[in-house]
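The values are calculated or read from the model by the stated rules, or taken from the named source; none is laboratory data. The shown structure was predicted, so the numbers you read here are calculated from the model rather than taken from an experiment. Reconstructed Cβ throughout: ideal geometry from the backbone, glycine too, with neighbour counts over all protein chains shown.
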Amino acid sequence: MRKIISVILMTLALVCLLAPFVFAEEAKAAASGDSSVKAMAAIAAGLAVGIAGLGVGIGMGIGVSKACEGSARNPGATGKIQILMIIGLAMMESVVIYALLVALGLLMNQKLFF
Amino acid sequence: MAAGMHEVLLMDAIVDPSKIPHNVTYAVLASVILITTALVIRRSLRMVPTGVQNVMESVVETFLKLTEENMGHHWGRTLFPLIGTLFMFILICNFMGLIPGFASPTSNINTNAAMAIPVFLATHYYGIKVHGIKYINHFLGPIRSIFALPLMLLMFIIEFIGHLVRPITLSVRLFGNMLAKHILLGVLAMLTPWIIPTLILALGTLIGLIQALVFVLLTTLYLAGAVEEGH
């Protein structure tokens, strides 16, 4: 009984989350075809950084959690673990910086940002 | 960046920005700062270090330990000047971007490429110098017999692309970080009360230090991979 209720609530939540996308599609189809390139560039720029941030956020979370775990098991190795963690975080950060550069390129091309 | 494309910077008083761009003049300024500091310390060297000499000695010790740990004693000593200079230069350049009235030369991709491409060339130069023609073995993967020729070709292509990407990723990582920090500071200074850009300045200091460290660490690891005597 509880499982059925939770499934129904999850479906409702999913519909509520996806509804704005459907409305945006309808609105965009009604908008003029001239400025739709700018609109799509803006959406693409936002999505680029958003999705990159999603993956990198998960990756960094896993990395830092393992570093904390390793340091808790072996407090003497904290210095080395810290250095490795910083290197890993900088590597992952650079992926989201590439996505930011793509987004900036998109926005600057459409004259939306300087 | 917030008010328009042309901000008024300190070096405009000395050199016209349309003839010599900002990244060149500020890079020259960073070099002058480093050389002056080195000469001043050299004139008054003491056996028991104090003050600025202490700081410089600790930096030098850290990087000497890093290079010797990764590259062995002989190559660590030889390549240590490159590593140390890169770190100090990138650090000073990154921190210069935080001061109002200055611009960081590393927020222009030309400066970063000018640092990353010699590193790339140096890895291959030292690799060939140490290994001779057998340097190709580094590209061919784990199995090196005539029966594994398709695997060797595939590994060669993949390693080739991986090696070509290295200078690009080194320079773009530094460029992206510095540019993002600059834009973020500009936009937030325009929009929000003064406490928030101050926090971003603190974050920017940390990011500048970490990015300089990552550039130099990666350089060390690439060079160590090229000159290693293993396999």
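Here B:A180 meets each of (1) farther than 13 Å from B:S107 by Cα; (2) within 14 Å of chain A (Cβ to nearest Cβ) with one exception, condition (1). Scanning segment B:127-171 for residues that are on the phi > 0 side of the Ramachandran plot and either among the hydroxyl-bearing types (S, T, Y) or not in a loop (DSSP other than H, G, I, E, B) (or both) yields one hit, B:G132. A Cβ distance below 9 Å, combined with a sequence gap of six or more or placement on separate chains, defines the contacts here; from segment A:49-77, residues that are farther than 17 Å from A:A90 by Cβ reach residues that are polar (S, T, N, Q) and part of a helix (DSSP H, G or I) in the pairs A:G70/A:T78; A:S71/A:T78; A:S71/A:Q82; A:A77/A:S71. So, of the residues in segment B:191-208 that are buried (at least 16 other Cβ atoms within 10 Å of the Cβ) and either in contact with a Phe, Trp or Tyr (Cβ under 7 Å, 6 or more places away or on another chain) or within 14 Å of chain A (Cβ to nearest Cβ) (or both), which turns out to be farthest from A:M91 (Cα to Cα)? Looking at residues that are buried (at least 16 other Cβ atoms within 10 Å of the Cβ) and either in contact with a Phe, Trp or Tyr (Cβ under 7 Å, 6 or more places away or on another chain) or within 14 Å of chain A (Cβ to nearest Cβ) (or both), I get B:G204. Consider segment B:96-125 and keep the residues that are of a type in the set (F, W, Y) and under 19 Å from B:V165 (Cα atoms). The one that is nearest to the chain's Cα centre (by Cα) is B:F120.
Of all residues in segment A:95-107, exactly one satisfies the criterion of being away from chain B (no Cβ under 11 Å) and free of Cβ contacts under 8 Å to residues at least 60 places away in the same chain, namely A:G105. Of note, A:K3 does not satisfy the criterion of being at pLDDT below 95, farther than 30 Å from B:N177 by Cβ and surrounded by 11 or more Cβ atoms within 10 Å (Cβ to Cβ).
When B:L221 is tested against (1) within 11 Å of chain A (Cβ to nearest Cβ); (2) among the aliphatic types (A, V, I, L, M); (3) crowded, with 16+ Cβ neighbours inside 10 Å, exactly one condition is not met: (3). Could you go through segment B:174-189 and let me know if any residue there is surrounded by 13 or more Cβ atoms within 10 Å (Cβ to Cβ) and of a type in the set (F, W, Y). Among the residues of segment B:174-189, at least one is surrounded by 13 or more Cβ atoms within 10 Å (Cβ to Cβ) and of a type in the set (F, W, Y), which makes the answer yes. Every test in (1) more than 11 Å from chain B (Cβ to nearest Cβ); (2) surrounded by 13 or more Cβ atoms within 10 Å (Cβ to Cβ); (3) modelled with pLDDT under 95 is passed by A:A77 save one, and that test is (2). Exactly one residue out of B:V227, B:V187, B:V165, B:V216 is within 25 Å of B:V59 (Cβ to Cβ) and within 13 Å of chain A (Cβ to nearest Cβ): that is B:V216.
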